[in-house]
Amino acid sequence: MKPEISSHERVEFLIDGKVASAPVGTNLIDAIRMNGVEIPTLCWSVGLEPALGTCRVCTVRKNGREVAGCTVQIGKGDVIECGASDLRNLRQGVTELLFSEGNHYCPGCEKSGDCELQSVAYDQGITHSRFPYKFSHYDLDYSGKDLMIERNRCIHCKRCTDLFVDDEGRKVFRFMGKGRKTVVEMDLKLEAEMSKHKKKEAVAICPTGAILFKGQGFDRPIGTRKSDSRSSK
Amino acid sequence: MKNRSQTTVITATRRAQIKSIVLRYERDRGRLLDILWAVQAKPGYVSESEGALIARYLRISPADIREVLSFYHFFHEQPAGKHQIFLDTSIISEIAGMPSVRKAFENELGIRIGEVTKDGKFGLFETSCIGMSDQGPAALIDLIPFPKLRASAVPGIIRKLRSGKKAGKIASPVVSGVRKLGPFFGAQEVFGAGLSKAAKQSPFEIISEIKLSGLRGRGGAGYSTGAKWELCANFQSPNRYVVCNADEGEPGTFKDRELLTSQADLMFEGMSIAARAIGAKEGILYLRAEYAYLQKHLQKVLKRVARHPSWGKFSIRIQLGAGAYVCGEETALLESLEGRRGEPRIRPPFPVERGYRGCPTVVNNVETFVLASQILAKGAGAFSVLGTEKSKGTRLLSISGDVAKPGIYEVAWGVSLGEVLRLCQAKSPEIVQVGGPSGLCVSANDTRRQISFEDLATGGSLMVFSKRRDLFHVLENFMEFFVNESCGNCTPCRAGNVVLLDAIKRLRAGKPHPGDRERIRDWSSIISKTSRCGLGATSPNVLTTSMIAFPKVFEKVFESVASSQIFPFDEAAATRDYNLAVKKVNRPSVKRAPR
């Protein structure tokens with residue numbers, strides 16, 4: 001439940017020692033961005049509510065404690081730390097974990113250039129993962145009518161499972177299994193019934209190239225994709 | 001994709017049976033765990049078409065059923081055997097002789113772990129600690145515990161099961177693990193004294209008494225119980241709930257098993273007192289599936305205690321879990337109680353504000369509720385006089401491992417490690433593991449350290465390992481536990497623990513990568529600081545504290561690498577080309593002088 005926000009009620013807080021302000025009840029990451037400080041996010045994005053808090057890429061320090069920024073609201077007098085090198089290391093570490101867990105071969109991916117994971121990695125200056133790559137085996141689920149799930153690229157953010165519903169409000173995607181064996185599965189019956197427009201939404205809600213249209217490659221030429229020339233944000 | 005079971009035709013009788021089960025739970029999706037237990041009872045699994053049928057009756061999607069089924073150890077989507085054998089893989093079970101027992105089962109049944117015999121009679125599986133570390137190695141067969149298993153006993157057990165005998169008739173009984181009880185858990189505690197006293201008090205007075213006692217939650221986190229009750233009471237809501245967390249899953253602990261067996265009346269009494277204090281009419285006991293064999297006994301006790309004149313308008317139901325360590329985390333437990341996957345919630349809001357079905361809820365551990373009843377009966381003063389400044393009263397320790405007298409001990413907080421090791425008659429101890437895999441490791445030579453929230457905090461588990469044991473074996477077992485029990489929701493815990501497990505395996509094999517020493521610290525810090533719940537926040541602790549407590553053991557392995565054949569990776573050299581290219585791209589364009 002989102003509290004009513006009246007824009008003139010603002011709170012002051014500190015970002016890395018500098019006084020900042022934002023409307024009462026603003027999502028912490030939003031509040032930070034309003035004040036010109038960029039924090040990478042993957043499972044969360046403006047408008048995607050409620051926050052899922054699954055990827056942990058937006059870890060900052062709030063009043064001395066590490067917290068996934070997207071899961072909390074800004075409060076009066078909060079002391080927020082973002083830029084400290086240990087925090088950058090935490091955020092970068094989490095992003096690198098995603099790269100070592102999945103199989104992300106960006107050059108051959110349909111989402112390359114429009115991928116939020118890729119963009120976050122570029123922004124953080126990641127050249128390789130510090131963690132040994134797992135090269136785990138993941139199945140590609142091609143059994144949908146129009147959509148496929150490429151699990152090598154899934155980052156388990158839960159956007160599709162928790163935030164996406166079809167036109168009748170039914171969940172189409174689910175988490176199956178547990179721990180490292182967790183995979184996203186698609187309800188084939190509901191997928192077959194979904195409108196084309198809804199399917200586009202499903203592809204768009206995925207931050208990586210894990211949910212795609214079957215038989216469709218790159219839909220935009222290189223040079224015009226979201227993060228070709230600059231950061232996606 | 002996960003192998004889906006064959007779509008089978010459901011007979012009309014079975015269909016009617018499933019329908020009546022769903023109706024028995026009033027088509028309540030929140031009771032999905034109960035429904036799945038009931039449907040699974042006979043064939044031993046829930047097939048895809050049966051799942052779809054349940055979904056139809058509940059008016060939810062078949063996928064809703066399968067995502068829950070696939071989360072819990074004891075639910076099966078495939079035929080898993082008429083008799084289901086679960087071997088306890090905790091480190092204590094392993095060092096007590098599980099390897100030979102495991103082999104005996106595999107030989108006798110002709111299958112490997114994770115398989116089902118061709119005739120469909122037996123399924124052989126492994127699971128995390130089943131709360132029998134004082135009587136290991138142990139296994140659950142058809143959810144009945146078989147303590148002190150020996151390889152030689154296995155053929156007999158299988159033969160009897162084949163001949164149609166019930167597991168409950170074959171298993172030797174679980175004996176009491178009590179070694180030494182003190183002022184609060186001593187055998188002479190009487191049910192009802194606390195309740196009668198609470199009946200004459202206002203909610204405010206009850207909460208004040210609990211606060212005055214300094215009681216802190218015994219589940220591990222140690223939050224002030226009185227403060228928790230007060231917070232809950234202060235949130236406006238028509239409904240409130242009292243939940244008892246009997247999902248004692250931390251490997252090495254078994255004291256709640258004992259309390260549920262012999263002092264369940266006092267636990268229910270504590271719940272009733274809490275209900276009075278916060279104004280709740282309903283309570284739930286979340287019982288881990290590993291303790292399902294206690295369910296009938298608990299029902300009986302519940303029926304008896306609810307007749308007490310001071311019981312009040314308060315009903316308790318027992319909810320059976322289905323095997324998931326993470327459900328010991330209170331918000332994951334609430335999710336499970338509502339019939340979903342046990343994935344921890346985002347906090348805030350905390351359960352005291354929005355808990356079970358969105359209402360203010362107090363979640364406390366079994367031991368905490370027993371203590372609450374005793375504090376009311378004996379007065380806060382009798383409790384707070386014991387212990388240390390920040391850790392009041394006594395606590396139960398479940399001691400296991402290389403000791404002559406494993407079992408349950410009631411000690412006052414602040415007791416020294418040396419005293420504990422003396423009590424349990426530790427046999428040439430080397431490593432002391434306090435608090436289970438989510439706790440920490442200390443050297444047995446640190447006898448002056450004390451068991452308390454100030455120093456060595458513990459949820460009750462204390463494992464002792466002698467000089468004969470390999471520290472890396474212990475660490476590998478713990479990390480494997482976390483990898484298996486991570487819910488998979490957040491990145492650091494799901495992917496990070498796997499990375500740490502690989503690192504520990506390298507150490508155990510004597511083949512660390514160069515730089516592993518520093519990397520393990522860095523990786524551990526990332527996992528513990530960014531994880532969503534306590535599971536990931538604490539999973540690296542045993543490893544990092546072991547590095548501090550046993551530097552020589554680690555040095556020996558790390559030094560071996562210096563002379564090994566592994567080529568070091570020069571990151572700067574390997575990425576030089578890339579960095580040059582990036583520099584070139586980012587170079588500000590040269591300004592030309594205007595013409």
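Remarks
- Any hit, the stretch B:224-246, residues being within 26 Å of B:LEU386 (Cα to Cα), part of a loop (DSSP other than H, G, I, E, B) and open to solvent by 10 Å² or more (accessible area, probe 1.4 Å): no
- For the stretch B:63-77, filtering for residues that are closer than 16 Å to B:ARG27 by Cβ and within 8 Å of chain A (Cβ to nearest Cβ) leaves 1.
- Single residue of the stretch B:489-507 satisfying the filter (open to solvent by 10 Å² or more (accessible area, probe 1.4 Å) and over 26 Å from B:PRO344 (Cα atoms)) that is nearest to the other protein chains (Cβ to nearest Cβ): B:ARG506
- Candidates B:ARG150, B:ARG159, B:ARG216 - the one that is of a type in the set (Lys, Arg), touching a residue at least 40 places away in the same chain (Cβ under 8 Å) and over 17 Å from B:VAL366 (Cα atoms): B:ARG150
- Any hit, the stretch B:281-301, residues being open to solvent by 10 Å² or more (accessible area, probe 1.4 Å), in a helix (DSSP H, G or I), without any contact (Cβ under 8 Å) to a residue 12 or more places away in the chain and within 22 Å of B:ALA139 (Cα to Cα): yes
- Hey, A:GLU4 modelled with pLDDT under 90, more than 21 Å from B:ASN489 (Cα to Cα) and surrounded by fewer than 19 Cβ atoms within 10 Å (Cβ to Cβ) or not: yes
- Residue in the stretch B:150-168 that is polar (S, T, N, Q) and open to solvent by less than 30 Å² (accessible area, probe 1.4 Å) present: no
- Here the stretch B:86-140 is the region considered, the condition is being part of a helix (DSSP H, G or I), polar (S, T, N, Q) and open to solvent by less than 20 Å² (accessible area, probe 1.4 Å), and the residue that is farthest from B:ILE399 (Cα to Cα) is B:SER93.
- Residue in the stretch B:531-547 that is among the β-branched types (Val, Ile, Thr), surrounded by 22 or more Cβ atoms within 10 Å (Cβ to Cβ), assigned to a helix (DSSP H, G or I) and away from every other protein chain (no Cβ under 11 Å) present: yes
- For the stretch B:330-355, a tally of residues being farther than 19 Å from A:ALA68 by Cβ, of a type outside the set (Asp, Glu), open to solvent by 10 Å² or more (accessible area, probe 1.4 Å) and more than 10 Å from every other protein chain (Cβ to nearest Cβ) returns 2.
- Cβ pairs under 9 Å, 6+ apart, first in the stretch A:81-93 and within 12 Å of chain B (Cβ to nearest Cβ), second part of a helix (DSSP H, G or I) and of a type in the set (Ser, Thr, Tyr): A:ASP86/B:SER525; A:ASN89/B:SER525; A:LEU90/B:SER525; A:LEU90/B:THR530; A:ARG91/B:THR530; A:GLY93/B:SER525; A:GLY93/B:THR530
- Of the candidates A:ILE155, A:ILE74, A:ILE149, the single residue that is more than 13 Å from the chain's Cα centre (by Cα), buried (at least 20 other Cβ atoms within 10 Å of the Cβ) and within 11 Å of chain B (Cβ to nearest Cβ) is A:ILE149.
- Any hit, the stretch A:130-140, residues being open to solvent by less than 50 Å² (accessible area, probe 1.4 Å) and not in a loop (DSSP other than H, G, I, E, B): no
- Whichever residue in the stretch A:158-188 is among the basic types (Lys, Arg) and within 7 Å of chain B (Cβ to nearest Cβ) and, among such residues, is farthest from the chain's Cα centre (by Cα): A:ARG170
- Residue within the stretch B:512-528 that is over 23 Å from the mean Cα position of the chain (by Cα), surrounded by fewer than 17 Cβ atoms within 10 Å (Cβ to Cβ), outside any helix (DSSP H, G or I) and away from chain A (no Cβ under 12 Å) present: yes
- Candidate set: the stretch A:55-71, residues that are touching a helix residue (DSSP H, G or I) at 6+ places or on another chain (Cβ under 7 Å) and facing chain B (nearest Cβ under 8 Å); chosen: the one most open to solvent (accessible area, probe 1.4 Å): A:GLU66
- Annotation note: of B:GLY44, B:GLY30, the sole residue that is in contact (Cβ under 8 Å) with a residue 60 or more places away in the chain and farther than 20 Å from B:LYS82 by Cα is B:GLY30.
The values are calculated or read from the model by the stated rules, or taken from the named source; none is laboratory data. Treat the numbers as computed from the prediction; the structure is a model and nothing was measured. FYI the Cβ positions are ideal-geometry reconstructions off the backbone, even for glycines, and counts take in every protein chain you see. The area values use the complete protein model at the heavy-atom level, side chains included, leaving out ligands, DNA and RNA. Shrake-Rupley method; radii C 1.70, N 1.55, O 1.52, S 1.80 Å.
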